[in-house]
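The values are calculated or read from the model by the stated rules, or taken from the named source; none is laboratory data. Computed from a predicted structure; not experimentally measured. Cβ placement follows ideal geometry from the backbone for every residue including glycine, while neighbour counts extend to all protein chains displayed.
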Amino acid sequence: MDRVIVVGGGLAGVRAVESLRGHGYEGGLTVISAEEHPPYDRPPLSKAVLKGETDFPALDTDLAALNADVLQGTRSTGLRLHPESGGTLVTTAGELRFDGLVIATGATPVRLPGDGPQHVIRTLDDALEVRARLVPDARVVIIGAGWIGAEVATTAAKAGCAVTVVEAADAPLAHALGPELGALTAPWYAEAGVDLRTGLKVASVEPDGLALAGGERLPADLVITGVGVRPEVAWLDGSGLDVELGVLTDASFRASADGAVRNDVVAVGDCAAWWSNRYGRRLLVEHWDTALNAPETAARSLLGQDAEYDVAPYFWSEQFDRFVQYAGHHAGAERMVRRGAPEDGAWAVAWLTGDRLDAILTVDRPRDLVQAKRIIAAGTPVDAALLADPAVPVRGS
Ligand code: FAD
């Protein structure tokens, strides 16, 4: 293999370049990056960038020193796979042949119907544009009380805006955590002076605000949509690669075409729906930790080395002056154990199956998170009664 192309200059793409070089690949390496900016980090977009603490959260990397050519402002628009191996990438800068391909094109925010101005926060330019509009007394309406919606609401309220969050479910974070747990975060909105309106469906975004499904209008100076993302994979249509919601891969991030594994194509980061042997199901994890760590496995498997990704997913969110963290995967867990009460300020919830710890959610208890992550990784049994006692450190039994 002496001509590898990485499509996508986000965290997963950059980490793929670093890992390929780190694992001994010395051939040609080209990064196709649709954005005009050098690689940057996305989590600060809804945090430090929106607060005005930084204008450019650069990723700490030096692609030139790694001897990678970066075609910035270039988009890949199609892919032709050669039958045995290798292929041709179609890009806005012309066609490029490869014998190894890393697909790391991330995800794109879902937008709602309507002709009115609708902002999202996915790119640096998105974040800078929204920041400029967070002025005192601006009527800001955020659609979606998910992770991003809550972070944006936090900053907008601190900037003196009149903030309303409209959520279709009956509680914030209902989709991610379930309504019962999500409801525990609802008081955070009120404390911050944010008007949280749950159970409301948006019909369309209009020039002067929102039209709600029941006919009500909600006036706004600024509408920000935070209702989730979709893997950026439409450019692969017609390529023959197996794509459902994301690019389907095995546990080594190898893609397939018509069900046959391709040793020369890997997909990783927000665009990949990878098989997890740990959970016995496909995961599509749109979080930073996976984009940071999984590319090493993807790079190794592209180089023909044995590698499997068996890490429990992890993410964090900073909202309403709280540090919220989650590790593991709780779908299918048998029961939930509460650890401390929300009234105490810092609390956690663990999910168990038998004496196995499946997942943990912590609010301002970062130590619990670190300890639980190790237990989840090792599969060490836990004692549910001890886990329920916030005074006892999280530990295996
Ligand atoms: P991306 O970072 O999206 O990079 C993909 C790149 O590919 C983009 O630059 C895109 O322009 C480019 N691209 C797309 N299509 C093409 C094409 N056809 N040709 C060429 N280039 C293309 N995660 C957490 O765990 N905690 C957080 O607190 C957190 N906060 C976040 C806040 C915000 C505002 C956002 C947007 C995300 C946040 N995340 C967070 C998620 C995390 O940032 C992502 O999981 C991570 O950035 C995914 O990296 P990626 O490289 O897979 O995709």
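For the range 135-208, which fully contained strands (runs of 3 or more DSSP E) count at least 1 residues that are under 22 Å from the mean Cα position of the chain (by Cα) and touching a residue at least 40 places away in the same chain (Cβ under 8 Å)?
Ranges flagged: 139-143, 162-167.
Would you mention how many residues in the range 260-296 are farther than 15 Å from Leu11 by Cβ and not aromatic (Phe, Trp, Tyr)?
Looking only at that region, the number is 16.
Identify all residues within the range 139-188 that are among the hydroxyl-bearing types (Ser, Thr, Tyr) and under 18 Å from Gln325 (Cα atoms); write none if there are none.
Correct list: Thr154, Thr185.
Can you spot a residue in the range 129-147 that is outside the structural domain of Ser46 (by TED's automatic domain parsing) and within 9 Å of the ligand (Cβ to nearest atom)?
Yes, that holds for at least one residue.
May I ask you to list the residues in the range 258-277 that are in contact (Cβ under 8 Å) with a residue 60 or more places away in the chain and surrounded by 18 or more Cβ atoms within 10 Å (Cβ to Cβ)?
Arg262, Asp264, Val265, Val266, Ala267, Val268, Gly269, Asp270, Cys271, Ala272
Of the conditions (1) touching a helix residue (DSSP H, G or I) at 6+ places or on another chain (Cβ under 6 Å); (2) surrounded by fewer than 17 Cβ atoms within 10 Å (Cβ to Cβ); (3) closer than 23 Å to Ser239 by Cβ, Leu66 clears all except one; give me its number.
It is condition (3) that Leu66 fails.
Which residues, taken from the range 74-88, are within 11 Å of Ile5 (Cα to Cα) and touching an Asp or Glu at 6+ places or on another chain (Cβ under 7 Å)?
If the condition is that a residue be within 11 Å of Ile5 (Cα to Cα) and touching an Asp or Glu at 6+ places or on another chain (Cβ under 7 Å), then Gly86, Thr88 are the ones that fit.
Quickly run through the range 322-367 and pick out the residues that are of a type in the set (Gly, Ala, Ser) and in contact with a Pro (Cβ under 6 Å, 6 or more places away or on another chain).
Matches in the range 322-367: Gly340 only.
Look at Thr123 and say whether it is touching a Lys or Arg at 6+ places or on another chain (Cβ under 7 Å) and within 12 Å of the ligand (Cβ to nearest atom).
So Thr123 does not fit the description; no.
Being without any contact (Cβ under 8 Å) to a residue 12 or more places away in the chain and within 21 Å of Ser397 (Cα to Cα), is that true of even one residue in the range 335-342?
No, because not a single residue in the range 335-342 is without any contact (Cβ under 8 Å) to a residue 12 or more places away in the chain and within 21 Å of Ser397 (Cα to Cα).
Sort out for me the strands (runs of 3 or more DSSP E) sitting completely within the range 258-297 that have 2 or more residues that are of a type in the set (D, E, K, R).
260-267, 281-283
Could you tell me whether any residue of the range 37-60 is farther than 22 Å from Val229 by Cβ and surrounded by 17 or more Cβ atoms within 10 Å (Cβ to Cβ)?
no
Take the conditions under 30 Å from Asp2 (Cα atoms), part of a loop (DSSP other than H, G, I, E, B), touching a residue at least 60 places away in the same chain (Cβ under 8 Å) and within 12 Å of the ligand (Cβ to nearest atom) and apply them to Thr105. Does it pass?
Judged against the criteria, Thr105 is a match.
With the checklist (1) touching a Pro at 6+ places or on another chain (Cβ under 7 Å); (2) under 30 Å from Ala273 (Cα atoms) in hand, flag the one item Asp306 doesn't pass.
It is condition (1) that Asp306 fails.
I'm trying to understand the selection: among the residues of the range 209-226, which are assigned to a loop (DSSP other than H, G, I, E, B) and surrounded by fewer than 16 Cβ atoms within 10 Å (Cβ to Cβ)?
Residues satisfying the conditions are Ala213, Gly214, Gly215, Glu216.
Scan the range 360-389 and report the pairs whose first residue is in the same structural domain as Arg339 (by TED's automatic domain parsing) and within 21 Å of Gly182 (Cα to Cα) and whose second residue is among the aromatic types (Phe, Trp, Tyr) and modelled with pLDDT of 95 or more, with Cβ atoms within less than 6 Å and a gap of 6+ or a chain change.
What qualifies is Leu361/Tyr326; Val363/Trp347; Asp364/Phe323.
Return the total of residues in the range 147-184 being more than 22 Å from Gly52 (Cα to Cα) and either surrounded by 22 or more Cβ atoms within 10 Å (Cβ to Cβ) or of a type in the set (A, V, I, L, M, F, W, C) (or both).
13
Considering only the range 343-365, how many residues are more than 28 Å from Arg281 (Cα to Cα) and modelled with pLDDT of 95 or more?
4
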